[in-house]
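The values are calculated or read from the model by the stated rules, or taken from the named source; none is laboratory data. These numbers come from a predicted model, not from an experiment. Methodologically, a virtual Cβ is constructed for each residue, glycine included, from the backbone with ideal geometry; neighbour enumeration extends over all protein chains shown. Ligands, DNA and RNA are stripped out before the accessible areas are found, and what is left, the full protein with its side chains, is counted by its heavy atoms. Shrake-Rupley method; radii C 1.70, N 1.55, O 1.52, S 1.80 Å.
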Amino acid sequence: MNLSNHIPILIIAIPLLAAFLVPLISRINKKATGILTTLALSVSLLLTIVLAVKILTVGPQVYVFGATSPSLTLPSGLKFPIRIMFQIDAMSIFMGLITAVVSFLGATYSLSFTKKYDGVDKYYSLLLLLTVGIFGMEFTGDIFNFFVFLEIASIASVALISFRGVDLGEPAEAGFKYMVVSSVSALMVLFAIGIFYGEYDVLNIAAIASVIKYSQLDKIALGLLMPVLAMKAGAVPMHMWTPDAYSEAPAPITMMLVAASQASLYALFRVVFSLYNISLNTLTVGWIIIIFGLLSMFIGVTMAIIQKDIKRLMAYHAISQTGYMLLGVGVGLAVLANPEALKNYGITAMEGGIFHIMNHAMYKGLLFLTAGALFFRTGTRDLNKMGGLAHYMKYTTIFFIIGAAAIAGLPPFNGFASKLLIYESVYKFNPLLSIIAMVVSILTLASFVKVFHSAFLGPKLPQFKEVKEVPRSMVFAMAVLSCIIIFFGLFPDLIVKNLVHPAVMSLIEQLQYTGTVLGGM
Amino acid sequence: MKKIIFGLAFIIFFSFLIVSAINMRTFGEPTISEMDDYFIENAQNETGANNVVTSIVFDYRGFDTLGEATVLFTAVVGVVALFRGVKK
Amino acid sequence: MIGNLPYVVVVISIGLGIYTLMFKRNLIKIAIGICLIENGVNLFLITLGYRKGAVAPIYTYAPSGQAMVLPTPQALTLTSIVIGIATTALILSIAMMIYKHYGTLDTDQVRRLKG
Amino acid sequence: MLGLLETGSGFWSAIIWILLVLVIGNLVIYIRNKGEDSYKKNTEQDKPFISGNPEESKESSHLSASHIYWGFTEALKGYYNPLVKMHTGNINDYSSWIIVITAIILIMVGVSG
Amino acid sequence: MKEMSRIIKTVTNFVYGFIIIFGFYIIVHGHLTPGGGFQGGAVVGSAFALLLISYGSMNSNKFLKEDIFSLFEGFGLILFIVLGFSGLGITFFYNFLANSGGWFGDTAVIGVNPGDMNTAGVIPLMNIAVGLEVLSAFGVIVLTMARGAEFTKKKENS
């Protein structure tokens, strides 16, 4: 049996098996659970890298469950897939790389971070399950299977958000709010799936995309799918759950929640580009996404300026950065209909948006980890109570400066590269949008100057006498993220040429997506 | 004021749901059903199960079932984690 | 229209659930609203699979020569029912926790996180 | 060349940027080191002048977060008050906003096309 | 919650065994008759819930052990995913036992037939695994939420 064909499922099945094993292991040894989690996630990280190399050289991979050929030909002549399959192209593996890196670093960070908690085995089991859910959302090619993995990710993240709910009220409240909105969105997705099934009697995304005809029902399905997926990604004005959930979850989980929101964002792009693509009215839908992006950018950053809680502030910044991705990809979608505009600036805008997803996962994860480090040592998230921490936590200060510079789009860090792509291409589409994006970037810098001043600068405060540097594994996780940020900032062209451009192409070309399953029909 | 906006939005949403219900394929006569006909014809000799639904749940769409069992496991772990520290 | 009356019933159930989510100010009622939407969607899937005068797709002791209803929606509904059970269990436990910490189930008091 | 990112209407290279920053920084440092001859060390010229008041202690001089950008938020009060009022941490509003946006998008997509 | 009246307890003692047996029947005949792992597991779980509400959470802790349930849940899930892995010669979740002549490997009679237990490959095994998982999951959920109800009530009084 040749395991190299089974890499797509092993990436998901190994963390799943580890998640099932962790509660049994914890009966024997509580300490071993964290080690097992980290091992499983590192294995899946390695497999993801191998799969990425394979996909970027060979082409999209299709993995069918329970059969060898993806689609079977009926006597009636038409061929369509009946089994669940993973369909992994450049975009999926791009998101998969983000998820693998983030989850592995989150587990490493948790090794020290969860010392204060009891019930650590459940924490690690839920973390593995959240990773499995995000991977599945990104890899699957079956629309109902996507719903199942969406529910896995939602329930695991809710359980992790309300993990501290035994002692405190706020985490339970945040978990309840996120549970309600995410189950509503999942049920809307299921209703749309039912519409598709009733119309075309297939559940495979590529098969639906090959026969979709944009009837009235398809319009309603799109109108149900778009807002709920944008809500899961945290687009204004459906963003209110985001600060609650991000600020109340433990810091490594917050970093993974960012990846989960980006998986929903990926699903939104997948629905718009691969499922409907040119058949829909691209100008209307593109402008809807652009308006989502504008509102998210501006309201997110202006709400962030007046926050006192450091993680709430960063959560509002996550909303505002999501706006950049929506803006870039929305511009790409709006000009999808006319080829020369697409070739002129549309593809560049989409490259900026997609590249910004990876950059955002990296520097926002780093910032949340630094906030978690501050919380780990000082025990507070209130910026008014902090001050002068740079005297005690040298490494954390350096990592925070790197992350803040990256999110504010200061050269030579990675945030600048993707934002530059977005500015220049969006300026050709509509100058006003580009100017608003630059203003938002300036406000981002301003609010992070505020955080840096009130948390790190200032005199040594007496209540933080015994504060010292965080343990080694937390420093390791933050250091790896900082190295990734600096590397992306120095050599952005490598990433854009080798990872981002194929991802954009796999989004734009619908025939390639359907052809991998249905054999070029 | 806010209530009026929300009520209006709810009415619009509900009317669109009604439109979708009316445009749905006629109840009782599924027009396109290749996949299900394939299941009904070939499930017995491919999987050997008399119960076509079970053969779909555990064979054709077995991975969904794994995900579903995982969802239940996730909920159990979440509930137990939420009530940890609560003594018997 | 009259042939599609079952779909209309489904949509009414979903709409009632949405109304509950929007305008009812009790956490338990919100959980009930989510269950309403769930049941509506499950009923929608089952309704899609019905075929007039057909029997259940099970060959054991089936009346021979009869047409069978579409099996896929039943499998999907089984999956989504179990997912609904999981969601409901978790949401009710969190509501119990909120009641322990806040002493109330009114959504106007359960809002320490705002702004 | 490595690190040269084509942006469609130009290019961006972090390495060239770093070299430029080094050159300009050295220039600035050189100009600064030429010095100002009317400046004398260890006189009252390099003491902070707090308009005659006594210098306060360090702990009390730390500016806490809620005072930063006070003027900004004060000037934009008309923008911030409704925005903050919109963020009622009420779960009914959360789900209601989803329905509002869904209705708007359904109108834009389902009717116009 | 406290225990209920003697009538209810007597009826429960009489009924719950039958409920559990019926649930296991549904589980093992999942590939022949309506039902399967999830449905049968739900039935058995309902028997546990009946025991719990009739005897009260304090007394029922004597014969409904939560950690044993969680142990069985883990075993069921691991059996399920190992069955998925064992098809890895072809693909994940490949029904490698069907029509192979061995365990549950008889080829089924095509068309309407009374049915044969010894068919359908890995499907009966998966049914058993999922049934084990679901019944123990329901047991854990019911017991934990009953415990949590006691917990929250106590805190509210104090």
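A few remarks follow.
- For the condition in a helix (DSSP H, G or I), without any contact (Cβ under 8 Å) to a residue 40 or more places away in the chain, surrounded by fewer than 17 Cβ atoms within 10 Å (Cβ to Cβ) and within 19 Å of the chain's Cα centre (by Cα), E:F18 qualifies.
- Residues in segment B:12-26 that are within 7 Å of chain C (Cβ to nearest Cβ) and open to solvent by 50 Å² or more (accessible area, probe 1.4 Å): B:F14, B:I22, B:T26.
- Of all residues in segment D:90-113, those being over 11 Å from A:T284 (Cα atoms) and touching a Pro at 6+ places or on another chain (Cβ under 7 Å) number 4.
- Within segment A:442-462, restricting attention to residues that are over 24 Å from A:H360 (Cα atoms), surrounded by fewer than 20 Cβ atoms within 10 Å (Cβ to Cβ) and in contact (Cβ under 8 Å) with a residue 24 or more places away in the chain, the residue that is nearest to the other protein chains (Cβ to nearest Cβ) is A:P459.
- Restricting D:K85, D:K40 to residues that are part of a loop (DSSP other than H, G, I, E, B) and open to solvent by 60 Å² or more (accessible area, probe 1.4 Å) narrows the list to D:K40.
- Filtered residues of segment A:15-67 (kept if within 26 Å of A:S4 (Cα to Cα), in contact (Cβ under 8 Å) with a residue 60 or more places away in the chain, outside any helix (DSSP H, G or I) and in contact with a helix residue (DSSP H, G or I) (Cβ under 7 Å, 6 or more places away or on another chain)): A:P60, A:V62
- Neighbours by Cβ (under 8 Å, 6+ apart or cross-chain): first from segment D:77-95, at the interface with chain C (Cβ under 10 Å from one of its Cβ atoms); second part of a helix (DSSP H, G or I) and open to solvent by 50 Å² or more (accessible area, probe 1.4 Å): D:D93/B:K2
Here's the yes/no breakdown for (1) open to solvent by less than 10 Å² (accessible area, probe 1.4 Å); (2) within 13 Å of chain D (Cβ to nearest Cβ):
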site	(1), (2)
A:Y214	no, yes
A:L222	yes, yes
A:M226	yes, yes
A:L257	yes, no
A:Y276	yes, yes
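- Residue within segment E:64-78 that is outside any helix (DSSP H, G or I) and touching a residue at least 12 places away in the same chain (Cβ under 8 Å) present: yes
- Among the residues making up segment A:463-497, those that are open to solvent by less than 40 Å² (accessible area, probe 1.4 Å), within 17 Å of A:L97 (Cα to Cα) and within 14 Å of chain D (Cβ to nearest Cβ) are A:I485, A:F488, A:P492, A:I495, A:V496.
- Counting the residues of segment E:72-84 that are within 7 Å of another protein chain (Cβ to nearest Cβ) and either in contact with a Lys or Arg (Cβ under 9 Å, 6 or more places away or on another chain) or not aliphatic (A, V, I, L, M) (or both) gives 4.
- Evaluation of A:T380 against (1) outside any helix (DSSP H, G or I); (2) more than 14 Å from every other protein chain (Cβ to nearest Cβ) (one fails), failing number: (2)
Here's the yes/no breakdown for (1) more than 25 Å from A:Q307 (Cα to Cα); (2) in contact with a Cys (Cβ under 6 Å, 6 or more places away or on another chain); (3) among the β-branched types (V, I, T):
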residue	(1), (2), (3)
A:A417	yes, no, no
A:I422	yes, no, yes
A:N430	yes, no, no
A:I442	no, no, yes
A:L494	yes, no, no
A:A503	yes, no, no
A:S506	yes, no, no
A:L511	yes, no, no
A:T516	yes, no, yes
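- Evaluation of A:R83 against (1) touching a strand residue (DSSP E or B) at 6+ places or on another chain (Cβ under 7 Å); (2) in a loop (DSSP other than H, G, I, E, B); (3) open to solvent by less than 10 Å² (accessible area, probe 1.4 Å) (one fails), failing number: (3)
- Matching entry among E:G121, E:G115 (being modelled with pLDDT under 85, in contact with a strand residue (DSSP E or B) (Cβ under 7 Å, 6 or more places away or on another chain), on the phi > 0 side of the Ramachandran plot and facing chain B (nearest Cβ under 8 Å)): E:G115
- Test: A:F146 is within 12 Å of chain B (Cβ to nearest Cβ) and open to solvent by 10 Å² or more (accessible area, probe 1.4 Å): yes
- Of all residues in segment A:416-441, those that are within 22 Å of the chain's Cα centre (by Cα) and away from every other protein chain (no Cβ under 13 Å) total 3.
- Of the helices (runs of 4 or more DSSP H) lying entirely inside chain B, those containing at least 3 residues that are among the acidic types (D, E) are B:34-47.
- Filtered residues of segment A:391-408 (kept if among the small types (G, A, S) and assigned to a helix (DSSP H, G or I)): A:G403, A:A404, A:A405, A:A406
- Matching option when the condition is away from chain B (no Cβ under 11 Å) and either open to solvent by 10 Å² or more (accessible area, probe 1.4 Å) or in a helix (DSSP H, G or I) (or both), among A:L126, A:L190: A:L190
- Matching residues, segment E:1-45, being among the hydroxyl-bearing types (S, T, Y) and either touching a Phe, Trp or Tyr at 6+ places or on another chain (Cβ under 7 Å) or within 11 Å of chain B (Cβ to nearest Cβ) (or both): E:T33
Per-residue answers, yes or no, for (1) open to solvent by less than 30 Å² (accessible area, probe 1.4 Å); (2) assigned to a helix (DSSP H, G or I); (3) at the interface with another protein chain (Cβ under 7 Å from one of its Cβ atoms); (4) out of contact with any strand residue (DSSP E or B) (no Cβ under 7 Å at 6 or more places or on another chain):
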{"site": "C:E38", "(1), (2), (3), (4)": "yes, yes, yes, yes"}
{"site": "C:V41", "(1), (2), (3), (4)": "yes, yes, yes, yes"}
{"site": "C:Q66", "(1), (2), (3), (4)": "no, no, no, no"}
{"site": "C:I81", "(1), (2), (3), (4)": "no, yes, no, yes"}
{"site": "C:A89", "(1), (2), (3), (4)": "yes, yes, yes, yes"}
{"site": "C:I98", "(1), (2), (3), (4)": "yes, yes, yes, yes"}
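- When the residues of segment C:43-64 are filtered to those that are in a loop (DSSP other than H, G, I, E, B) and more than 7 Å from chain B (Cβ to nearest Cβ), the one that is nearest to A:F144 (Cα to Cα) is C:G49.
- Residues of segment C:1-36 that are outside any helix (DSSP H, G or I) and among the basic types (K, R): C:K24, C:R25.
- Unique match (being more than 9 Å from chain B (Cβ to nearest Cβ) and at positive phi) among E:G101, E:G89: E:G101
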